[in-house]
1. What are the pairs, 6+ residues apart or on separate chains, where a residue within segment 142-162 that is under 15 Å from His89 (Cα atoms) and assigned to a loop (DSSP other than H, G, I, E, B) has its Cβ under 8 Å from a residue that is open to solvent by 10 Å² or more (accessible area, probe 1.4 Å) and not aliphatic (A, V, I, L, M)?
2. Run Asp186 past the list (1) under 26 Å from Asn62 (Cβ atoms); (2) not in a helix (DSSP H, G or I) and report the number of the one that doesn't hold.
3. Taking Leu179, is it of a type in the set (A, V, I, L, M), open to solvent by less than 70 Å² (accessible area, probe 1.4 Å), in contact (Cβ under 8 Å) with a residue 24 or more places away in the chain and not in a loop (DSSP other than H, G, I, E, B)?
4. Consider segment 23-47. How many of its residues are over 17 Å from Leu195 (Cα atoms) and not small (Gly, Ala, Ser)?
5. Of the residues Leu44, Leu21, which single one is touching a residue at least 60 places away in the same chain (Cβ under 8 Å), surrounded by 14 or more Cβ atoms within 10 Å (Cβ to Cβ), part of a strand (DSSP E or B) and not acidic (Asp, Glu)?
6. Counting only residues that are open to solvent by less than 60 Å² (accessible area, probe 1.4 Å) and in a loop (DSSP other than H, G, I, E, B), which one in segment 65-83 is farthest from Ser161 (Cα to Cα)?
7. Give just the number: which of (1) over 17 Å from the mean Cα position of the chain (by Cα); (2) closer than 21 Å to Gly49 by Cα; (3) not in a helix (DSSP H, G or I) does Leu92 not satisfy?
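The values are calculated or read from the model by the stated rules, or taken from the named source; none is laboratory data. Bear in mind that the values here come from a model prediction, so they are computed numbers and not experimental data. Counting neighbours? That spans all protein chains shown, and the Cβs are built from the backbone with ideal geometry, glycine included. Only protein heavy atoms, including side chains, enter the accessible area calculation; ligands, DNA and RNA are left aside. Shrake-Rupley method; radii C 1.70, N 1.55, O 1.52, S 1.80 Å.
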Amino acid sequence: MLRLENISKSYLQRGLVLDKLDLQVNKGDSLAITGPSGSGKTTLLNIIGLMDHPDSGDVFFNGSSILSYGPDESARYRNRNIGFVFQDHLLLSHLNIKENILLPLLASGNHRNDFKEKAEYAGVLMEKTGIASLGDKFPFQISGGEAQRATLVRALVNKPSLLLADEPTGSLDSKNAYLLGNLLRDLNEELGVTLIVVTHSSDLASMMKLNLKLDNGRLVK
């Protein structure tokens, strides 16, 4: 599904972050990428999601190179294929939980029938993640763990084939971190969505099928 070849990336202040990095991810995989702060984990996810570009190398998604995409093509690629979960939930405070979850459907311009189908799917996901009763509440009225589960549903509502999670348990207490980790693993298995998690947590990493460490700009076992 995803292949990165000879990816290098440097920054003026940080120097070389990724150094001829290679990565192959198969459909249905769950992969944890660990490494110290500043090692380039988030940069790597941003390159996969076309939020950033490498200095050299290439990225292939389903066999096609994606680095030549312009802004519109990049946006379509993200909307159709990628779900994002970050350390902070980034829910909009003026929208209730259901409205926050459905927001990506509006952004991607779904037709009416498609919107209805995916809105119903959002309800199924809310049931699976235990937040079905929170749809009318606002972000300030729910817990951090509940907000992160809402973020996860929002990331999945467009039925992406690849979910990118950047420190998804970083702002949670140990109990909620454990629950979210289990949820990610279960959804990977039930929905078949491919999962790449960047994390400092050895507990979360151990829940994934594959583990790699980003060390000196390259991925090692």
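1. Listed by first residue and then by second, the contacts come to Ser143/Asn176.
2. It is condition (2) that Asp186 fails.
3. Judged against the criteria, Leu179 is not a match.
4. The number of residues fulfilling the criteria is 1.
5. Leu21
6. The extreme case among them is Gly70.
7. The number of the failed condition is (2).
Conditions tested, residue by residue: (1) open to solvent by 50 Å² or more (accessible area, probe 1.4 Å); (2) of a type in the set (Asp, Glu).
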{"residue": "Ala122", "(1), (2)": "no, no"}
{"residue": "Ser133", "(1), (2)": "yes, no"}
{"residue": "Asp136", "(1), (2)": "yes, yes"}
{"residue": "Gln148", "(1), (2)": "no, no"}
{"residue": "Asp173", "(1), (2)": "yes, yes"}
{"residue": "Leu184", "(1), (2)": "no, no"}
{"residue": "Leu187", "(1), (2)": "no, no"}
{"residue": "Glu190", "(1), (2)": "yes, yes"}
{"residue": "Leu204", "(1), (2)": "no, no"}
